[in-house]
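The values are calculated or read from the model by the stated rules, or taken from the named source; none is laboratory data. Quantities reported herein were computed from a predicted structural model and do not represent experimental measurements. Neighbour counts run over all protein chains shown; Cβ positions are idealised from the backbone, glycine included. These area figures cover heavy atoms from the full protein model, side chains too; ligands, DNA and RNA do not enter into them. Shrake-Rupley method; radii C 1.70, N 1.55, O 1.52, S 1.80 Å.
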Amino acid sequence: MTDLLPTPTTTSPPPVPTRRRWLRWAGRVAMFGAIGVSAWAFRDQLPDAGALWRVALHANPGWLAVVVLTQLASMAMFTRVQRRLLRAGGVRMSLPRALRITYAGNALSTTLPVGPAVSVAFSFRQFRHAGATPRLATAVIVVGGVVMNAGYAVVGLTALVAEPYSRSFAITALAVLAGVTGAFALLWNRRRAALSRLALHAFGPLLRHRLLVPLTEMWQGRGALRLSPRDWGVLGLMAVLNWVFDILSLATAERAVGVHTPLYAVTLAYFAAQAAGSVLPLLPGGLGAIEASLAASLVAFGALAVPAGVAVALYRLVSFWGVVGAGWLAWLTIKIAEDDATRVRLRRAFGGLGTALYAMSQTTACAAPVPPAPDSPESA
């Protein structure tokens, strides 16, 4: 009896056009060239391995362990924010897989000149592989960014409350922020339909502008996330803890070398360094600017120059170099788990070691389901 069902065949992907291939390689050369130029320009401010090793021998090992643990906790909090948002949309992801995505996305974001855009595209693709619809993946990225920025603002205002000279301003700002948020939440629960019509009538033409596309997508994708008040509270707490653990990592690095700056001063120095790093966004991870700003701010708050510089070097060794190194290893693990061609290249380059790396990635990577069809023509 002849089988009338077609035999499944393996189809190879269409070849990449030559022009696109050249553009891709030109982009890679430009990215790594910019990284090399930045490293050469700030070569005097890069951590020296020998000096760091000598300082680590005299630093308190208990505090050094706390530096690493707090940095791991900070990354874990950010990972849990994204996991909870995915779960609110009906997609479950294991914690190891979510951690790999978080570390890999952070490495892409902090080391490439156009890293934030590449990181967003990478996270979107990984969420799609996990089973999220395009609308849900977009909502997770946008809402997660909003929640993390809100936590950043709360931590900064709290540090200003602890500072005597800025206490009155910070308390007023926190009271206004809490009042506006509470009033909006109360009105939204009681007059949701009326507020929606009013917002569309007042801001409809503005929201259709191309510069506000992310806000429009977040508004359209609000139905993809079923967040309860408890979910919002947990998300806010985890966002705050993400920044708190990162700041504690800097504070414990100071304690490891015998510097005892008040915690609010460390927090203000941390925010000043973040602002300095964002002035030159093309520098990988704010390299050079963050170190210089941190050391100068800590000295301004009373720390000695040499211990402050050593504490900053230890903190950046863990929070930047260590996290970026782990992130690129996570990216490699994800890449070789998804691409069979990468396995072949690894086998040719490293022989049995490449095969072992591929086998390890297959055992640690979670099976990714086929992405579902778009839930609407607009999201497609």
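Output ³J(HN,Hα) for the range 294-310: one whole-Hz value per residue in order, computed from phi by the Karplus curve 6.51 cos²θ - 1.76 cosθ + 1.60 with θ = phi - 60°, and x for Gly and Pro.
Running phi through 6.51 cos²θ - 1.76 cosθ + 1.60 with θ = phi - 60° gives 4, 4, 5, 5, 5, 5, 5, 8, x, 7, 6, 5, 5, x, 5, x, 5 Hz.
What are the ³J(HN,Hα) couplings of the range 161-175, residue after residue, when phi is run through the Karplus curve with 6.51, -1.76, 1.60 and θ = phi - 60°? Round to Hz, x for glycine and proline.
5, 6, 7, x, 6, 10, 5, 5, 5, 5, 5, 4, 5, 5, 5
Calculate, in nm to one decimal, what Val114 and Leu186 gain on full extension: separation in residues at 0.36 nm each, minus their alpha carbon distance.
Gain in length upon complete extension: 21.9 nm.
Quick one: pull the percent of accessible area on the range 61-115 belonging to carbon and sulfur, 1.4 Å probe, ligands and nucleic acids left out.
67
Going by average Cβ neighbours within 10 Å, how do the peptides 136-147, 232-243 rank, with the highest at the top?
With the highest mean Cβ count within 10 Å placed first, the list reads 136-147, 232-243.
Sorted by average packing, counted as other Cβ atoms within 10 angstrom per residue and highest first, what order do 177-187, 156-166, 253-263 take?
The packing order, highest mean first, is 253-263, 156-166, 177-187.
Could you tell me what a quarter of the Cα convex hull surface of the range 146-185 works out to, in nm² with one decimal place?
2.7
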